[in-house]
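Peer 1: Sharing a structure here in structure tokens format.
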Amino acid sequence: MKTKLILLCMIALAVSNMAVAQTDSDRNFEVKKQLDVFNSIYKNLDMMYVDTLDAKEVIGTGIKAMLRSLDPYTEYYPEENMKELKEMYTGKFAGIGAIIRYNSQIKRVVIDEPYKDMPADKAGLRKGDIILAIDDSSMVDKNVTYVSNHLRGDPGTSFILKIQRPTTGKKMQFKITRQTVQTPSVPYYGIQKGNVGYIHLKQFTEDCSKEVRKAFIEMKEKGISGLVLDLRGNGGGSEAEAVSIVNMFVPKDLLIVSNRGKMKRSNIDYKTKVEPIDTVMPVVVLVSDMTASASEITSGALQDLDRAVVLGTRTYGKGLVQISVDLPYNGSLKLTSDKYYIPSGRCIQAINYRHAQGGYTEHIPDSLTKVFHTAHGREVRDGGGITPDVVVEADSLPNIGYYLATSGADSTEVLLNYEVEYIAKHPTIAKPSEFEISDADYEEFKRQVIASGFTYDHETEKYLQNLVKLAKFEGYYDDAKEDFDNLERKLKHNIEKDLDYNKAQLKRILADDIVAAYYYQAGAIENSLRGDKQMEEAVRIINNPQEYWKILGREMPKP
């Protein structure tokens, strides 16, 4: 009997191995078949198609279509686009150090915001300056991409930039030398009301953890009672940098994130490597729907380890990891190789990127997510980003604010024009923590908006029109006509009324933009914290220790 059992097991194993071998063989045949078909199609097109083919364009389109069928993050970078990939990883590029934008009213590219101590700033360029030419190349009627490509170049190279200052009409030229520009990963940090430290982390580029560490130690030495780490809008970056930031607040040798993919030899476990700076100081992490990737590793790991309260709105839900693979002819493939798992064991990928339709817009429903547990037993879920411990919705941008700030084809650019005029009239302004637009200034802005003929799509009117069409189709309109007419009168487009109703939020938009012209990104961020209800709630929780530790399901540490 024992011999027969062993024989049966051997036969079953052999059959299983044969099945695997057959599957691998079938798959290899299918790969070879499809590559042969693709190669044959292109050869016939190249030989017989009525027009001469551009191999780079035709095959490049095929490559892009192939990658589009996979996920949003797998991308091909040919040799000419490798600078773009490098900039993504390092946050560095060579240029003048300024944000530029297209002014739809005058149909020109203009300076929007110079970076502090960069060539544009040192040359004296200002918000609104119209870019006319770079050396002998006219920039008139060119788009932002074209102008940006001409402003960038090798570090140390110089050019003549010709601009026109809109407030005076004066044409000016500057000799500018390009230099390596690195957008700061921590554009602002500082101690806020309530003796709470604040760090705004913009991106997870190389060495960003060193900047966060430096900022935290500096504020800790000044006696802060807690820390707010702001990851709102942070799209992520380096996993290793995320682990280093978490390591500031949790002990050495803790598993923070695990990468798991098809190739087992490439699986990686990231653990904390050094002793932490502080394991008990209250920390609140601010997140939003655009907090993604490495930002979610940071906020999710601190949540899983019950080390920080996460506050804001549910994060984006990117639980995938990309690596770069060198390709022939100096290109590179950035491909999705793994899913990552944070300390509780969950993967927070929110999008079913391989569903039947071949796209990646289908979100995993909450009903299909699974429960995991934090270090102290709190329930958390996978499959939908990081759900905050404390949900606080941010103030949404009013519809009129969106259209005022957006440069559209028929835009009057009244917001930009007002800000440029305001800056020209005010050589100095109050410090960022105190600056605000006065009521008198806002009235002048309102007057200019109305005088400009500014209009925008009124969403409630759109919905009403659609409702009227539906009521007519279903035969209810005649009976409800009077109600519809009354509602139409109440919802009638009224710019002045909208400007009054959204006054507080529009004043904040104006203040943020204007402060940036005097105090750069740091000043704009500091000013934006005024009236920030998510920040206010974070500070309140930090200054209520019993509530803070109760949220984390932990006992309050003894002094």
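The values are calculated or read from the model by the stated rules, or taken from the named source; none is laboratory data. Owing to the predicted nature of the structure, the values given are computational and were not obtained by experimental measurement. Heads up, the Cβs are rebuilt from the backbone with ideal geometry, glycines too, and the neighbour counts pull from every protein chain shown. For accessibility, only protein heavy atoms count, side chains too; no ligands or nucleic acids. Shrake-Rupley method; radii C 1.70, N 1.55, O 1.52, S 1.80 Å.
Peer 1: In segment 494-559, carbon and sulfur make up what percent of the accessible area (probe 1.4 Å)?
Peer 2: The computed percentage sits at 49.
Peer 1: Which of the listed residues, 313, 283, 169, is farthest toward the dipole's positive end in the chain, when Lys, Arg count +1 and Asp, Glu count -1 at the beta-carbon?
Peer 2: 283
Peer 1: Collect residues whose amide H, placed 1.01 Å from N in the peptide plane, falls under 5 Å from the amide H of residue 202; neighbours closer than 5 in sequence don't count.
Peer 2: Amide H neighbours of residue 202, under 5 Å, 5+ apart: 186.
Peer 1: If you don't mind, there's one more thing I want to ask. log₁₀ I(q)/I(0) of segment 478-538 at q = 0.13, 0.18 Å⁻¹, via Debye over equal Cα point scatterers, no solvent, to two decimals?
Peer 2: Taking Cα atoms of segment 478-538 as identical point scatterers yields -0.56, -0.74.
Peer 1: Name the residues whose placed amide hydrogens come within less than 5 Å of the amide hydrogen of residue 192, ignoring near sequence neighbours (fewer than 5 apart) on the same chain.
Peer 2: Here the answer is 197, 198, since their amide H atoms fall under 5 Å of that of residue 192.
Peer 1: Okay, moving on. Cα-based Rg of segment 39-141 per 2.2 N^0.38 Å, rounded to two decimals?
Peer 2: Against the empirical 2.2 N^0.38 Å value, I get 1.60 for segment 39-141.
Peer 1: Enter the accessible area of residue 439 (Å², nearest 10), with the probe set to 1.4 Å and all protein chains included.
Peer 2: We get 90 Å² for residue 439.
Peer 1: Then there is this: Given the Cα-Cα distance of residue 558 and residue 266 and 0.36 nm per residue of separation, how much length would full extension add, in nm?
Peer 2: 100.8 nm
Peer 1: Further question: Residue by residue through segment 130-139, what is 3J(HN,Hα) from phi via Karplus (6.51 cos²θ - 1.76 cosθ + 1.60, θ = phi - 60°)? Round to whole Hz and write x for glycine and proline.
Peer 2: These are the phi-based 3J(HN,Hα) values: 8, 7, 9, 7, 10, 6, 9, 8, 6, 9 Hz.
Peer 1: What does segment 200-313 give for Rg and for Dmax, in Å, if only its C-alpha atoms count?
Peer 2: According to the Cα coordinates of segment 200-313, Rg and Dmax are 13.7, 48 Å.
Peer 1: Given a 1.4 angstrom probe, what's the average accessible area per residue across segment 155-196, in square angstrom?
Peer 2: Accessible area per residue: 54 Å².
Peer 1: Projecting each Cα onto the charge dipole of the chain (Lys/Arg +1, Asp/Glu -1 at the beta carbon, about the Cα centre), which of 270, 65, 374 comes out farthest on the positive side?
Peer 2: It is 270.
Peer 1: Mind giving me the nanometre distance, one decimal, between the label points for residue 273 and residue 76, set 7 Å out from Cα along Cα→Cβ?
Peer 2: According to this spin-label approximation, the distance is 3.5 nm.
Peer 1: At a Förster distance of 30 Å, what's the computed FRET efficiency of residue 206 paired with residue 53, Cβ-Cβ distance as r, to 0.05?
Peer 2: Once rounded, the FRET efficiency stands at 0.15.
Peer 1: Still on this structure, please answer the following. Farthest toward the dipole's positive end in the chain, which of 543, 151, 37, given Cβ charges of +1 (Lys, Arg) and -1 (Asp, Glu) about the Cα centre?
Peer 2: Of 543, 151, 37, it is 37.
Peer 1: Kindly write out, for segment 74-80 in residue order, the coupling ³J(HN,Hα) from the Karplus curve 6.51 cos²θ - 1.76 cosθ + 1.60 (θ = phi - 60°), rounded to whole Hz, with x marking Gly and Pro.
Peer 2: Rounded to whole hertz, the list is 7, 9, 9, 10, x, 3, 5.
Peer 1: Pull up all non-local amide H partners of residue 257: gap of 5 or more, or a different chain, and H-to-H distance under 5 Å with H placed in the peptide plane.
Peer 2: 270
Peer 1: What number comes out for accessible area per residue over segment 233-318 if the probe is 1.4 Å? Units Å², please.
Peer 2: In whole numbers, segment 233-318 has 37 Å² accessible per residue.
Peer 1: How much of residue 391 can a 1.4 Å solvent probe reach, expressed as accessible area in Å² and rounded to 10?
Peer 2: That residue has around 90 Å² of solvent-accessible surface.
Peer 1: Given +1 on the Cβ of Lys and Arg, -1 on the Cβ of Asp and Glu, and no further charges, what dipole in debye does the chain carry about its Cα centre, rounded to the nearest 20?
Peer 2: 1540 debye
Peer 1: Suppose R0 equals 51 Å; then what is the FRET efficiency for residue 252 and residue 402 from their Cβ-Cβ distance, rounded to the nearest 0.05?
Peer 2: Step by step, r from the Cβ atoms, then E = 0.65.
Peer 1: Within 10 Å, at most 13 other Cβ atoms, and a DSSP state outside H, G, I, E, B define an exposed site. Report the longest part of the chain free of exposed trypsin sites (Lys or Arg not before Pro).
Peer 2: Answer from the scan: 371-491.
Peer 1: If you don't mind, there's one more thing I want to ask. Whole number please: convex hull volume per residue of the Cα set in the chain, in Å³?
Peer 2: Roughly 274 Å³ of hull volume per residue.
Peer 1: Under the rule that an exposed site lies in a DSSP loop and has at most 14 other Cβ atoms within 10 Å, name the longest stretch of the chain with no chymotrypsin sites (Phe, Trp or Tyr not before Pro) of that kind, not counting the sites themselves.
Peer 2: Longest run free of exposed loop sites: 50-475.
Peer 1: Taking every eigenvalue of the Cα gyration tensor of segment 291-394, multiplying by 5 and rooting it, what semi-axes result, largest first, whole Å?
Peer 2: Working from the Cα gyration tensor, I get semi-axes of 28, 17, 13 Å.
Peer 1: Once the Cβ-Cβ distance between residue 443 and residue 214 is put in as r, and R0 is 51 Å, what FRET efficiency do you end up with, to the nearest 0.05?
Peer 2: It comes out at approximately 0.70.
Peer 1: Let me ask another. With θ taken as phi - 60° and the coefficients 6.51, -1.76 and 1.60, list the Karplus ³J(HN,Hα) couplings across segment 531-543 in order, rounded to whole Hz; mark glycine and proline as x.
Peer 2: x, 7, 5, 5, 5, 4, 5, 4, 5, 4, 5, 4, 7
Peer 1: Moving to a separate point now. Is it possible to state the helix-based mean residue ellipticity at 222 nm for the chain, with each DSSP H run of 4+ residues giving -39500 (n - 2.57), the sum divided by total residues, to the nearest 500 deg cm²/dmol? What is it?
Peer 2: So the calculated ellipticity at 222 nm is -13000 deg cm²/dmol.
Peer 1: Of all DSSP beta bridges in the chain, what percent run antiparallel (nearest 5)?
Peer 2: 75 percent
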